[in-house]
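Participant: A single structure is presented below for examination.
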Amino acid sequence: MQRAIELDRGGLMLRGMLHRPDNGVDNVPLAILFHGFTGNKMESHFMFVKLSRKLEEAGIASLRFDFLGSGESDGDFQDMTFAGELRDAEIILEYAKSLDWVDKGNIFIVGLSMGGAIASVLAGKYSNDIKRLCLWGPAGNMPELIKRRAQELIDSKELDSEQPYYDLGGLLLGKRFIDDIENTDIYGEASLYEGDVFIVHGEKDMAVPLSASYEYLSIYGDRAKLYIIEDADHTFNKYEWESLAIGKTADFLKGEK
C-alpha cells in the first residue's frame, strides 16, 4: 500500500509517500529515507521508490519525503540550510513515532549523500529512537567540501562574497546554507549514535570520497560495517550497483548480517 502524506512545518508543507506492507498486521518496522542535495523523494533512477517497494516485500514500511525547497514540498531551495533539513527530519521522525501501527522499537533511517549526513546527525540526537542506521555515500565531510568550493568560486570571480546566493545549474543556493554548513560538526554530532550502522559507498564516487565513510567507521567503531560497491559512482547509476545497494540495505534492516 502506498499513499501520499503531507506534514505541516511552520505553515509550509512537507510532501512525501508512505509505504505499508499489505499484510494487515500491526507492530510494523518502518524505515525513513532522506534524499540527497538537490535530490528528491524518488532519487536518481527512482531508486528510493524501488527501495521502498523492496522493503514492503520484506514486511518493512517506509516514509520518503522531499525536504522543504526540494521536490514537491513547499519552500524555495534558496532558503534551504542543513539545520533546516535536520528540523524537517525531526518532524518526519515525530510523525513516524505517532503512527499507532508502527513498531517503535524498530524505526530505521536510510540517507543518501547529504541526506546521509542528516540521517547520521538525527541518529546521534535521537539514538534511543532509531534501531538501525544505513548511510549511502554519506557526505559527512560536507562542511569542508562546501567551504573549498565556495572559496574556488570566489577566487574565480564566479561568486561575490557578498552575493546572497549562487546559481547552481538553475537552483539558487543561498549564502545562509554555506554559513550554516561551515559551522556544523557532522561527525561530532553523529558520534552520539549508539546503534548498528551499515554504510554503502561507490568505489569511484567522485562527489563524496570514500574517505568520508572511513571517517564514519572511525567514530562508530565495531558497530559499523562498510560495503564498497566496485566501480560504482555516487548514486549507483547502473542496475547492478543499484541492486546491490538496495539488496544489502534490505538485508541489514531485516537484521541479517
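No lab work stands behind these numbers, since they all come straight from the coordinates. Because the structure is a prediction, the values reported are computed rather than measured. For neighbour counting, all protein chains shown are included, and Cβ atoms are generated from backbone atoms with ideal geometry for every residue, glycine included.
Participant: Taking θ = phi - 60°, what integer Hz values does the Karplus form 6.51 cos²θ - 1.76 cosθ + 1.60 yield along region 110-120, in sequence order, with x for Gly and Pro?
Facilitator: Each residue's phi maps through the Karplus curve to give 10, x, 10, 6, 5, x, x, 5, 4, 4, 5 Hz.
Participant: Where both residues lie in the chain, what percent of DSSP beta bridges are antiparallel, nearest 5?
Facilitator: Details: 16 of 43 bridges.
If we restrict to bridges inside the chain, about 35 percent are antiparallel.
Participant: Rounded, prolate or oblate: which fits region 184-242 when a ≥ b ≥ c are the square roots of the eigenvalues of the alpha-carbon gyration tensor, with rounded for a/c under 1.5 and prolate only if a/b beats b/c? Walk me through the numbers on the way to the answer.
Facilitator: Details: a/c = 2.64, a/b = 1.82, b/c = 1.45.
Prolate is the answer for region 184-242, as a/c is 1.5 or above and a/b outweighs b/c.
Participant: Which of the three applies to region 19-106, rounded, prolate or oblate, going by the alpha-carbon gyration tensor with a ≥ b ≥ c and a/c under 1.5 meaning rounded?
Facilitator: oblate
Participant: Enter the angle in degrees (range 0 to 90, nearest 10) between the Cα long axis of helix 239-253 and the first principal axis of the Cα atoms of the chain, meaning the one along which they spread out most.
Facilitator: Computed tilt is about 60 degrees.
Participant: Please report the spacing between the Cα centers of region 35-73 and region 93-145 in Å, no decimals.
Facilitator: Taking the Cα centre of each part, region 35-73 and region 93-145 sit 13 Å apart.
Participant: Continuing with the same structure: Using only alpha carbon positions, build the gyration tensor of region 53-160, then give the equivalent ellipsoid semi-axes as the square roots of 5 times its eigenvalues, largest first, whole angstrom.
Facilitator: Working: eigenvalues 192, 45, 31 Å².
The equivalent ellipsoid of region 53-160 has semi-axes of 31, 15, 12 Å.
Participant: Can you put W101, W241, W136 in order, fewest other beta carbons within 10 Å first? Each step should come with its number before you reach the end.
Facilitator: On the way: W101 12, W241 20, W136 33.
So the ranking, lowest neighbour count to highest, is W101, W241, W136.
Participant: Using the Cα centre of region 212-257 as the reference point, and only Cβ charges (+1 on K/R, -1 on D/E), how large is the resulting charge dipole? Debye, rounded to the nearest 20. Don't skip to the answer; put the middle values down first.
Facilitator: Working: 6 positive and 9 negative charges, 54 e Å.
In debye, rounded to 20, region 212-257 gives about 260.
Participant: May I ask you to list the lysines whose Cα is less than 18 Å away from that of K175, ignoring any residue fewer than eight positions away on the same chain?
Facilitator: Those lysines meeting the cut-off are K147, K157.
Participant: Here is a follow-up. Pull out a ≥ b ≥ c, the square roots of the eigenvalues of the alpha-carbon gyration tensor of region 105-226, then state rounded if a/c is under 1.5, prolate if not and a/b is larger than b/c, and oblate in the remaining case. Please report the intermediate quantities before stating the final value.
Facilitator: Working: a/c = 2.49, a/b = 1.98, b/c = 1.25.
Prolate, because a/c is 1.5 or more and a/b exceeds b/c.
Participant: Modelling each spin label as a point 7 Å along the Cα-to-Cβ direction, I'd like the L172/S211 distance in nm, to one decimal.
Facilitator: Distance between the two pseudo-spin positions: 3.5 nm.
Participant: Next question, about the same structure. Treating only the Cβ of Lys, Arg, Asp and Glu as charged (+1, +1, -1, -1), what charge dipole size does the chain show about its Cα centre? Round to the nearest 20 debye.
Facilitator: Values: 28 positive and 44 negative charges, 138 e Å.
That gives a dipole near 660 debye.
Participant: What is the helix-to-structure angle for 47-57, meaning the angle in degrees between its Cα long axis and the longest Cα principal axis of the chain, kept from 0 to 90 and rounded to the nearest 10?
Facilitator: Rounded to the nearest ten degrees, it is 10.
Participant: Okay, next question. Enumerate the aspartates and glutamates that K225 could reach by cross-link, defined here as Cα to Cα under 20 Å, with residues fewer than 8 away along the same chain left out.
Facilitator: Those aspartates and glutamates meeting the cut-off are E189, E194, D196, E203, D205, E215, D233, E242, D251, E256.
Participant: Hey, could you pull the Cα Rg and Dmax for the chain, both in Å?
Facilitator: For the chain, the Cα radius of gyration and maximum Cα-Cα distance read 17.5, 59 Å.
Participant: How far is helix 142-155 tilted, in degrees, relative to the longest principal axis of the Cα atoms in the chain, given as a value from 0 to 90 rounded to the nearest 10?
Facilitator: 20 degrees
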